[in-house]
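Working notes for the structure below.
The values are calculated or read from the model by the stated rules, or taken from the named source; none is laboratory data. Fair warning: this is a prediction, and the values are worked out from it, not measured in the lab. Cβ atoms come from the backbone with ideal geometry, glycine included; neighbour counts cover every protein chain shown. The area values use the complete protein model at the heavy-atom level, side chains included, leaving out ligands, DNA and RNA. Shrake-Rupley method; radii C 1.70, N 1.55, O 1.52, S 1.80 Å.
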Amino acid sequence: MFRSCHNLTSLNLSNFDTSIVVDMSNMFMYCYELASLDLSGFDTSNVLSMYNMFYSCSNITQLSLGEGFFKTKSVTEVDFSDLGNWAQDSFLQSVVTNSYDRTSNGLPNITIKLHANTYAYLTDEHKATLTAKGYDVVSA
């Protein structure tokens, strides 16, 4: 949808209705200048693929994700490994605080791939919280 929008710097999609979307592959791929992205209203319940969703988005510092972002039943991995500049407060709010409790809702575990810089923000307590909610967090 926004692939190769090279000069896009900020985008607020918090009001997008994504409840029937099945493919988010390459959605922001090659958005080199994108620094701020609000996806806090995204519902991925029906999404089958998020392949390369954030590929080459290395300038993102503010990425807002809500609980609905992690509701997918089919996606087994979300790759944030290109987001090495994601600000700590934004990351912790989006990934730790707002993470959907997959375990309590009967969904399979999902792997979250992080850039080493972002992975370093996670304390043992954060990792335990994510594990209990059904996430496998790895540094790419």
Output the number of the condition that Asn7 fails; it satisfies all remaining conditions of (1) open to solvent by less than 60 Å² (accessible area, probe 1.4 Å); (2) in contact with an Asp or Glu (Cβ under 7 Å, 6 or more places away or on another chain).
-> (1)
Given (1) more than 19 Å from Thr111 (Cβ to Cβ); (2) in a strand (DSSP E or B), His6 misses just (2)
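Does Ser19 count as part of a loop (DSSP other than H, G, I, E, B), in contact with an Asp or Glu (Cβ under 7 Å, 6 or more places away or on another chain) and within 20 Å of Ser90 (Cβ to Cβ)?
Numbers: part of a loop (DSSP other than H, G, I, E, B): yes; in contact with an Asp or Glu (Cβ under 7 Å, 6 or more places away or on another chain): yes; within 20 Å of Ser90 (Cβ to Cβ): no.
No, not satisfied.
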Every residue from the range 21-43 that is open to solvent by less than 40 Å² (accessible area, probe 1.4 Å), of a type in the set (Gly, Ala, Ser) and more than 24 Å from Leu107 (Cα to Cα) | Ala35
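Just the residues that are among the hydroxyl-bearing types (Ser, Thr, Tyr) and either at positive phi or open to solvent by less than 40 Å² (accessible area, probe 1.4 Å) (or both), please, taken from the range 54-71.
Initial filter on the range 54-71 (among the hydroxyl-bearing types (Ser, Thr, Tyr)): 55-56, 58, 61, 64.
Answer for the range 54-71, where residues must be among the hydroxyl-bearing types (Ser, Thr, Tyr) and either at positive phi or open to solvent by less than 40 Å² (accessible area, probe 1.4 Å) (or both): just Ser56.
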Which numbered condition Ala140 misses (of (1) open to solvent by less than 10 Å² (accessible area, probe 1.4 Å); (2) at pLDDT below 95) | (1)
If only one of Asn15, Asn46 is farther than 24 Å from Thr111 by Cα and either surrounded by 15 or more Cβ atoms within 10 Å (Cβ to Cβ) or in contact (Cβ under 8 Å) with a residue 24 or more places away in the chain (or both), which one is it?
-> Asn15
What number of residues within the range 72-116 satisfy the criterion of being outside any loop (DSSP other than H, G, I, E, B), open to solvent by 20 Å² or more (accessible area, probe 1.4 Å) and β-branched (Val, Ile, Thr)?
-> 2
